[in-house]
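Remarks on the structure that follows.
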Amino acid sequence: MKRLWRWLIPLAALPVLVLLAYGFRMSPRDIPSPLLQKPAPSFGLTTLDGAALALAAHRGKVVVLNFWASWCYPGCYEEAPVLEKNWRAYRERGVIVMGVAIQDKREAVEKFVKDFGLTFPNAQDLTGTVSVDYGVYGVPETFFVDRQGRIRVKHVSAVTDELFRDTVERLLAEPEPR
Amino acid sequence: MRGARARLLVAAALVAAALTSASAQSKTVSEETVHEVAGRLRCVVCQNLSVADSPSEMAGQMRAIIRERLAAGESPDEVQRYFVQRYGEWILLSPPRRGFNLLVWLLPLVFVIAGFAVVAILVRQWTRRRRGVAEPVAVDPAMSERIRREVERGS
């Protein structure tokens, strides 16, 4: 009986340890988006140049929707040149890059766009509706939308050259919607 | 006569228009309800703060969205469902009581019960042992007499 007790307490602690080990090894930043494989929420914003920016207008294209902010350093500063470079490389192949600045001041957003010489459409989400619609919880976050209008990849943290190319090439290889 | 009827018709149309616009107008939303729904949601840019308690800009925008949705006629649960659809259950400060989540609700209870059981068992063991110690020791009367005598003699 005494012997049994000696083993019972460490044994009872075992499942707790397993649970803790599992929990502590997971990154609290990796939160799976429930929007994956779902249709990308539609939105209508106005770009810094005053043009309309709507997802619906680009149906059939691969859309790279990037949420950023001028105060998001270094992530947004690292990926801005990557996005611009790839936008120039892929714009003729049915890809559109869209930037949505969140929780930011107009002047700061304009300065950021000018400093990096961004030529893809950028708009401010002044009310936060678009960011909440996409379940954005930080910047930078990037959504890759396929030609059918479904969110296929959500990337948290700065977009790299490789990630951009790999994802976009994969989505471009898929058949166009009928 | 004709003019009067026309005027009456116009007046009736105006009243009808006013009534329909009043009914179409958004519902007034109490700040209490907004606060209640916001209290269930995690502020996405904070640590361990609800949307109701956070002073961040994002939380402010989320409260505005809650207010807007309630004003559009959604129930508090429908508003909550909207946020869960966008962010997943992670957005809820208290996980729903079903499936794997039940573990979070039940485990503390199990631990408390187990703790009480361990304490009860230990207390029983300790008290039993003390009772054993307290039992009177059988003393040889001759020996106790000898001790008494030697103590009296002071040696």
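What to note about this one:
- Average partner coverage of A:32-41, which counts Cβ from other chains inside 10 Å: 2
- The range A:34-45 - phi-based ³J(HN,Hα) in whole Hz, Karplus 6.51/-1.76/1.60, Gly and Pro as x: x, 8, 4, 6, 9, x, 5, x, 6, 7, x, 10
- Rounded to 0.05, the FRET efficiency of the residue A:36 and residue A:9 pair, given R0 = 35 Å and the Cβ-Cβ distance, is 0.20.
- Computed over chain A with a Gaussian network model linking Cα atoms closer than 10 Å, the most mobile of A:83, A:55, A:163 is A:163.
- The residues neighbouring residue A:163, those whose beta-carbon lies less than 14 Å from its own, together hold a net charge of -2 under the Lys/Arg +1, Asp/Glu -1 convention.
- Look at the dipole of chain A built from charges on Cβ: of A:9, A:148, A:137, the Cα furthest out on the positive end belongs to A:9.
- The local environment of residue B:95, defined by Cβ-Cβ distances under 14 Å, has a net charge of +3 under the rule Lys, Arg +1 and Asp, Glu -1.
- Shape of the range A:32-178, Cα gyration tensor, a/c cut at 1.5: rounded
- Distant-in-sequence amide H partners of residue A:53 (H built 1.01 Å from N, under 5 Å): A:45, A:46, A:47
- In this structure, residue A:16 and residue A:88 have a Cβ-Cβ separation that, at R0 = 51 Å, corresponds to a calculated FRET efficiency of about 0.40.
- Pairs over the 32 Å Cα-Cα cut-off, from the set A:85/A:105; A:114/B:27; A:111/B:27: A:114/B:27; A:111/B:27.
- Each Cα pair under 8 Å and six or more residues apart adds its separation to the average, and for chain A the resulting relative contact order is 28 percent.
- Sparse packing (at most 12 other Cβ atoms within 10 Å of the Cβ) combined with a DSSP loop state is found for the following trypsin sites (Lys or Arg not before Pro) in the range B:59-141: B:97, B:98.
- Estimated inter-spin distance, residue B:71 and residue B:125, nm [label 7 Å along Cα→Cβ]: 6.6 nm
- In a simple Cβ point-charge model (Lys, Arg +1; Asp, Glu -1; nothing else charged), the range A:42-171 has a dipole of about 440 debye relative to its Cα centre.
- Between 0 and 90°, nearest 10: helix A:161-172 axis offset from chain A longest Cα axis: 80 degrees
- Taking every residue in A:126-133 and counting other chain Cβ atoms within 10 Å of its Cβ, the average works out to 5.
- Per residue of peptide B:80-89, the mean number of Cβ atoms on other chains within 10 Å of the residue Cβ is 4.
- Phi-based couplings in Hz for the range A:57-70 (Karplus 6.51, -1.76, 1.60; Gly and Pro marked x): 6, 10, 4, x, 9, 8, 10, 10, 9, 10, 9, 8, 7, 6
- DSSP-defined beta bridges in the protein assembly as shown - what % are antiparallel, rounded to 5: 60 percent
- Top of A:86, A:122, A:66 by mean-square fluctuation, Gaussian network on chain A, Cα under 10 Å: A:86
No lab work stands behind these numbers, since they all come straight from the coordinates. For clarity, every value in this text was computed on a predicted model and none was experimentally measured. All Cβ positions, even for glycine, are placed from backbone atoms using ideal geometry, and neighbour counts span all protein chains on display.
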